Every structure is written in structure tokens, then in C-alpha cells.
1. List the number of the failed condition for Tyr385; all other conditions in (1) in the same structural domain as His400 (by the TED database); (2) modelled with pLDDT under 90; (3) crowded, with 20+ Cβ neighbours inside 10 Å hold.
2. Considering only segment 416-425, I want to know if a residue exists there that is in contact with a strand residue (DSSP E or B) (Cβ under 6 Å, 6 or more places away or on another chain) and outside the structural domain of Glu132 (by the TED database).
3. Give His141, His90, His73 a once-over and let me know the one that is under 26 Å from Ile305 (Cα atoms) and either in contact with a strand residue (DSSP E or B) (Cβ under 8 Å, 6 or more places away or on another chain) or among the small types (Gly, Ala, Ser) (or both).
4. Could you figure out which of (1) assigned by the TED database to the domain that holds Leu188; (2) surrounded by fewer than 22 Cβ atoms within 10 Å (Cβ to Cβ) isn't true of Asn54?
5. When segment 368-401 is examined, which residues are found to be in a loop (DSSP other than H, G, I, E, B) and under 24 Å from Ala165 (Cβ atoms)?
6. Please list, ordered by first then second residue, the pairs with beta carbon atoms under 6 Å, 6 or more apart or interchain, first in segment 186-198 and outside the structural domain of Val151 (by the TED database), second crowded, with 24+ Cβ neighbours inside 10 Å.
7. Of the numbered conditions (1) hydrophobic (A, V, I, L, M, F, W, C); (2) assigned to a helix (DSSP H, G or I); (3) surrounded by fewer than 20 Cβ atoms within 10 Å (Cβ to Cβ); (4) assigned by the TED database to the domain that holds Asp355, Ala278 satisfies every one except a single condition; which is it?
8. Take segment 209-253 and flag every residue that is open to solvent by 50 Å² or more (accessible area, probe 1.4 Å) and basic (Lys, Arg).
Amino acid sequence: MASFLLRRNRNLFARSLFGNKEPLRLYFQFKFQTLGGAANMVHSYSSSSGPIRNDFTDLTCPHSWYPQARKKHRRVILHVGPTNSGKTHHALKQLESSASGIYCGPLRLLAWEIAKRLNKAQVPCDLITGQERDEVDGANHKAVTVEMADVSADYQCAVIDEIQASCTTRGYSFTRALLGIAADELHLCGDPAAVPLIQEILKITGDEVEVQFYERLSPLIPLNVPLGSFSNVRNGDCIVTFSRMEIYRLKKRIEKEGKHLCSVVYGSLPPETRTRQASMFNDASSEFDVLVASDAIGMGLNLNISRIIFSTTKKFDGFEMRDLTVPEIKQIAGRAGRYGSNFPEGEVTCLDEEDLPLLHSSLNSPSPILERAGLFPTFELMYMYSRLHPRYGFYQILAHFLGNAKLSENYFIVNCDQLLKVAAVIDELPLGLHEKYLFCISPVEMDDEISSQGLTQFAENYAKKGLVRLREIFTPGSLKVPTTAAALKELESIHKVLDLYVWLSFRLEESFPDRELAASQKAICSMLIEEFLLRWQRPVARRRLPSHKISSSLLSKHVRPYL
């Protein structure tokens with residue numbers, strides 16, 4: 001698939017280091033505090049041989065970074081309990097009844113869902129993610145991805161859903177929202193394991209903290225026997241595995257039995273595709289009655305699952321193959337038997353008998369108490385630190401800052417591997433610190449060759465001309481339905497590059513003017529991927545599909561002119 005005419009710069013790529021595959025995403029604010037204000041956020045130090053100087057690597061008091069929130073005496077309510085316990089529902093009811101508010105979720109899909117819910121309830125709500133802006137007239141509410149939380153505005157109510165302040169890659173964004181959102185009421189939804197850490201962090205802020213515990217609304221039954229054979233798969237089952245290739249292998253094997261069609265959900269699918277695949281599975285009139293998914297389903301997606309089946313209890317985390325943790329197993333297993341669905345009673349088991357002991361022991365164990373929350377330094381601190389080291393490149397500034405950062409016992413610096421890889425690639429380009437920071441925090445996966453080439457090309461073109469036209473590296477009209485697993489993966493990577501262009505267009509609007517073209521090509525990518533998923537079905541199953549399913553093929557006459 002020759003859609004992208006990406007030039008390779010091997011000298012730049014040779015400098016990048018490869019490791020963790022999780023993209024690091026930060027919220028990029030244009031309304032920075034004044035640099036003088038930034039200097040006031042940090043502690044001072046002195047020596048016998050010189051004057052007092054600010055220590056910009058002192059991150060021991062991150063609560064002081066958010067003066068707007070510190071002006072308020074916030075009422076913080078922790079809604080904690082297992083999945084399917086109604087904790088988020090209660091928090092959202094408060095948000096819905098408030099005069100103004102913000103919902104912060106871990107996924108774009110959840111932000112979409114909440115915006116839709118509020119608008120349907122006649123509560124005008126904007127949708128804001130890194131790649132979308134859908135503003136509604138008269139809206140005093142926002143549904144956002146947590147990285148996009150506005151810490152400069154006042155709200156009557158705020159909800160942080162699925163709070164994961166201890167996540168090694170995205171924990172900083174939840175910490176920022178926790179400390180920085182200026183709301184009269186702040187509702188946090190999550191696991192009870194986070195309660196002691198949040199209480200400790202908020203001692204210094206003067207906030208009023210209360211905890212509300214919830215019990216699961218419907219029973220979750222761990223089975224004592226494994227699935228054994230795929231002939232035992234039944235309607236409403238969700239088979240969970242942890243690699244993209246394994247998802248398609250299991251899908252093909254289940255459909256070979258001739259009884260079921262499978263929807264698929266995994267992280268690298270475009271969000272729009274994930275939504276439609278989930279909708280097909282949830283639709284009782286659809287023939288897609290089984291779901292094959294990754295642990296992406298554990299992040300709050302509403303799915304009508306009867307039984308969770310772990311195909312394995314091990315996953316590769318970017319560094320090693322390891323057993324699933326107690327929180328991971330509980331989060332995934334808890335998606336079975338959603339309250340109010342067609343399956344009010346959930347079951348969970350494994351494909352193989354040898355995995356049952358870990359499943360049972362995890363479900364009977366409390367999640368380990370969280371001890372530290374993630375941090376990442378603000379741009380202001382990075383800028384002030386760079387003034388002390390004028391000869392350093394951005395990579396050196398970042399690496400040196402991270403190596404010298406001072407933290408209290410309640411915090412840690414999140415994994416910055418991806419950001420450092422980008423910094424190594426773009427450091428020699430004639431860009432300012434501000435611009436390099438922006439490219440570094442963009443949602444790019446440097447371990448994906450097409451994605452990393454796309455970012456490099458965007459940065460090079462921007463540095464040379466200050467203008468990046470999409471058609472210079474992308475040929476509209478050349479996208480095709482993939483016919484192999486490798487072609488599917490390439491199309492998913494192309495979607496990521498188009499997604500990156502849209503992200504940059506919201507931050508450098510004049511320099512990335514082709515947002516509409518990129519967004520339309522993104523949509524076509526999603527449609528082509530879904531067409532691949534439909535064509536993957538066995539021929540007998542395709543013939544059994546109702547006529548309206550076939551006629552609504554995603555490659556309709558309205559789409560074909562763009563291909």
C-alpha cells in the first residue's frame with residue numbers, strides 16, 4: 001500500500017532508542033503561566049559561593065502548580081468499588097444536575113459516550129479530545145479526555161473517571177486533573193486501592209475528602225471448569241487475548257465452528273471502528289454474537305457480555321512476558337454481566353485449566369494499595385531549566401532534567417521513553433524549544449515505522465517551510481481494503497499518522513491547514529478496516545447476513561468517490 005510517500009532519514013532514526021510501545025500523551029496548553037509565575041512554583045537553593053537560585057528540578061510540591069484550584073476549598077468525593085457497581089453512574093448524576101461541569105475520561109470513546117448522554121438529557125455539553133472539537137451552543141459542560149482537562153477554568157462539578165494516577169505512562173495526566181481542576185465538587189471514580197494515596201496527596205491542599213464505597217450490582221461467578229473446546233463458545237461470550245494476531249486467529253477459529261460471528265476490539269483499531277464493532281456485538285438483532293478482544297475492554301466500554309474467557313493469563317508488557325496482575329484480571333473479568341443488560345449475571349473462566357488458579361486467586365484478592373502518583377514537568381519548568389543550560393539540545397535538557405528531578409515519596413516520574421525517542425529524532429532540526437516540546441508530546445508511536453516516519457516528515461517540513469500540506473506525503477485515492485494481516489496493520493498505522501496530523505492541526509492551525517482532508521481520510525481508513533473485518537467472515541456466514549446488513553456495506557456509493 002503506497003499511500004504514504006514518506007522519506008526516510010536514517011541518520012535521525014538511528015539515534016532513537018526503542019522500548020515501551022505506549023504512546024505518551026500530554027495536554028499542550030497555549031495559555032502558559034508567565035515565566036515569572038513558573039519561577040515562583042519552584043523552591044530556591046543557595047550555596048556559600050553564590051546567590052540564591054531557583055531549583056527548577058524540585059517537583060516535591062506539585063499542588064503549587066495550580067493556583068486556580070488552590071483558591072477553592074474543594075469537596076472531593078471518592079466513588080470506589082468494583083466494576084459494574086454504579087460508582088460512575090452516581091458521579092455522573094451529580095455532573096448532570098450541576099450548573100457547570102467537566103467529565104474527564106481515560107478514552108476518547110468514553111468522552112464521546114458522556115457527551116452524547118448529557119446532550120440527550122438536555123444538558124448542552126462540548127466534546128473535546130486531542131483530535132476532536134465538537135462545541136454545542138450554550139454548553140456549560142465539557143466531556144474531555146483527561147489530558148485535555150482545563151485547569152484554568154472554574155466548574156461547579158468535575159468527574160475524573162477510571163482514575164489511574166499510578167499508571168506508568170499516563171499517570172501524570174490523572175495527577176494533573178486531581179490537583180489542578182478548580183471545581184467546587186470533584187468526583188473521583190476508581191478502585192479502592194487508590195483511596196489511601198489520594199487522601200495522602202490531598203492532605204496538603206486543604207480539600208474536604210469523603211469516600212463512598214460501592215458493591216457490585218450483579219453477581220460475577222468464577223467458573224471451576226475451563227472452556228476447553230471452542231465448540232463450547234456461546235452467545236454473549238468475550239474471549240480475551242493480548243496480541244493483535246492472536247485476536248484474528250481466535251476469531252477465525254471460532255467462526256470455523258460455524259455457530260457464531262465475532263466482533264473484535266483492540267487498542268490499535270481506530271476509535272470509530274472500535275465503537276461500531278462494540279455496537280454490533282451489543283445489538284441483539286446482529287449475528288455478531290461473540291466478541292474477541294484485548295484488555296482494551298477493561299477501560300469502561302459498555303458491552304453486553306455474558307462470560308469473559310481468558311485465552312491466556314500472560315501478556316507482553318513491552319519489556320517481558322508476565323502474569324496478569326490482580327487489578328488487570330479484576331478489571332477485565334468485571335466486564336461480564338453488566339447491570340441492566342441481557343446478561344445480568346456474569347461468569348468468568350479461562351481457555352485452559354492451568355490458568356484457573358491465578359484467575360480465582362486474583363478475584364479473591366484485594367488490589368495492591370497504590371503508593372505513588374505519576375508526574376511530568378510542565379513546559380514552563382523545562383524552559384526555565386533550559387536557560388541554565390543554553391548549549392544543551394532538547395534531548396539533553398529533557399534527559400538531564402529527568403535525571404536530576406527531586407520528588408516526594410508520593411510521586412514518581414512517568415515513563416518517558418517515547419518522548420525521549422522523539423526528542424532524539426528531531427533535536428537537530430531548526431526548531432524552537434516550544435516547538436520541539438510540542439512534537440515530543442504528540443500522540444505518536446515511535447516503535448511503529450510508518451507512524452514514526454510520519455512524525456519525522458511533519459517535523460522536517462514544518463522546520464523547513466513552516467507549512468505542512470498533507471498531500472506532500474499522502475496520496476488521497478490510494479487507500480484500499482486490506483487483503484492480508486500485514487496490509488491491515490499498515491492501514492492502522494496510516495490511520496495513526498492521519499490522526500497525528502489532525503492533532504497537530506489543532507495546535508499549529510496555520511501550519512497544518514489540511515485538517516478536513518486528514519479527518520475524511522481517517523474516516524475512510526476506519527471504513528476500509530471494517531470492510532476487511534466483514535470480508536474476513538466465512539462465506540456461509542456472509543450469505544446468512546440479513547439483506548440490510550449487506551446493503552449498508554461501508555464501501556457505499558457515498559464513499560467510493562474518495563477511494
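The values are calculated or read from the model by the stated rules, or taken from the named source; none is laboratory data. Keep in mind that what you see is a predicted model, and the values were worked out from it rather than measured. Glycine gets a Cβ as well: all are built from the backbone with ideal geometry, and neighbour counts include every protein chain shown. Each accessible area value is taken on the protein alone, full model and side chains, heavy atoms only, with ligands, DNA and RNA left out. Shrake-Rupley method; radii C 1.70, N 1.55, O 1.52, S 1.80 Å.
1. Unmet condition: (2).
2. No, segment 416-425 contains no residue that is in contact with a strand residue (DSSP E or B) (Cβ under 6 Å, 6 or more places away or on another chain) and outside the structural domain of Glu132 (by the TED database).
3. Only one candidate qualifies: His90.
4. (1)
5. Pro368, Ile369, Leu370, Glu371, Arg372, Phe376, Pro377, Thr378
6. Final answer for the pair search is none.
7. Unmet for Ala278, out of (1) hydrophobic (A, V, I, L, M, F, W, C); (2) assigned to a helix (DSSP H, G or I); (3) surrounded by fewer than 20 Cβ atoms within 10 Å (Cβ to Cβ); (4) assigned by the TED database to the domain that holds Asp355: (3).
8. Selection gives Arg216, Arg234, Arg249, Lys252, Arg253.
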